[in-house]
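Structure first, then comments.
The values are calculated or read from the model by the stated rules, or taken from the named source; none is laboratory data. Just so you know, these numbers come straight off a predicted model, no measurement behind them. Counting neighbours? That spans all protein chains shown, and the Cβs are built from the backbone with ideal geometry, glycine included.
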Amino acid sequence: MLLADALPPPFSGGGLLRGWELAPTVVVPIVVVAALYLAGYHRVRLQPRPVFPPYRAWSFVGGLVAILLAVDGPVDSYSDVDLAVHMAQHLVLLDVAAPLLVLGAPITVALRALAPATRSRYVLPVLRSRTAHALSRPVVVGVLYAGDLVGTHFTGFYNLALSHQVVHDLEHLSYLIIGVLLWSVVLGVDPVQGRPSHPQRIMLVILLMPVMAIVSLVFILATHSLYPYYQALPAPWGGRTAALGNQALAGAIMWIPATLISLGQVFYISVDWFHKDEARQLRIEAQEDAHERSCP
């Protein structure tokens, strides 16, 4: 068992404050990514046009902080003994850290900050590759999202992650990557080849909602512990009653916030769709007016 010698104390304010690990394998990559992004952001901010709003940098840094809080702080300590906390951790990676990173527009920062030769040699070939094009398609992202969600919860992968730290880390990395892919399609911030239409993006979100609902219902309605690891833990964490209660709570955490977030995604896409159509109509009217004024 992963935590046989490292059970955290019962929930308390002091326990949460002492739950930090600051593992170099987590902190160092986050610091490096933050430094690279902020260096690029500084270059972009020196460019007069187009203006790059500061909130994008705050969003990206906020996403990195969310990752740190989720996988290297007290949440991670308690996720190893409490399934509900573990699901909350996954929710943070998928629906807090991922959208904040996407809102930071890292691809736009790279394209504008790098020298033209570097951009043409390294960045543009990747963005124009078949792989990048496929990963921007709603159907591909939807299949990857559903497959990752089902595969990591209803196969031996989850139990393996509870007993092997490397597998556990890969699980978290998969959620972050899938979350970034999904939110990149939904938000449409960075330039991508063949950007999906607004109806396609809405359909993607709607079709993924039942997937999350089904996974959540399995947790809520199960009459036995899906993961014997949690039931086998010593008091106060283990036992059948505690395991089933945390399992049902984990299902609710997966379902309710995820549903609200999905509805928010649909609302965002709809508003963006309206504004884009309105702006296009204004451009058409302006062109028609200019044409009429130019005619004798």
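Remarks
- Single unsatisfied condition, residue 247 versus (1) assigned to a loop (DSSP other than H, G, I, E, B); (2) within 22 Å of residue 157 (Cβ to Cβ); (3) of a type outside the set (Val, Ile, Thr): (1)
- The conditions of being at pLDDT below 90 and aliphatic (A, V, I, L, M) are not met by residue 213.
To keep it simple, each residue is scored yes or no on (1) in contact with a Ser or Thr (Cβ under 8 Å, 6 or more places away or on another chain); (2) assigned to a loop (DSSP other than H, G, I, E, B).
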| position | (1), (2) |
| --- | --- |
| 202 | yes, no |
| 207 | no, no |
| 223 | no, yes |
| 230 | no, no |
| 234 | no, yes |
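- Test result for residue 232, surrounded by 10 or more Cβ atoms within 10 Å (Cβ to Cβ), under 30 Å from residue 8 (Cβ atoms) and modelled with pLDDT of 90 or more: no
- Selection from the range 153-169 of residues that are in a helix (DSSP H, G or I), surrounded by fewer than 19 Cβ atoms within 10 Å (Cβ to Cβ) and either polar (S, T, N, Q) or out of contact with any Phe, Trp or Tyr (no Cβ under 9 Å at 6 or more places or on another chain) (or both): 156, 157, 159, 160, 163, 165, 166, 169
- Residues of the range 67-105 satisfying the condition of being assigned to a helix (DSSP H, G or I) and farther than 28 Å from residue 236 by Cα: 94, 95, 96, 97, 98, 99, 100, 101, 102, 103
- Count of the range 97-156 residues which are farther than 24 Å from residue 210 by Cβ and without any contact (Cβ under 8 Å) to a residue 24 or more places away in the chain: 16
- Qualifying residue in the range 186-200 (condition: modelled with pLDDT of 90 or more, crowded, with 20+ Cβ neighbours inside 10 Å and not aliphatic (A, V, I, L, M)): no
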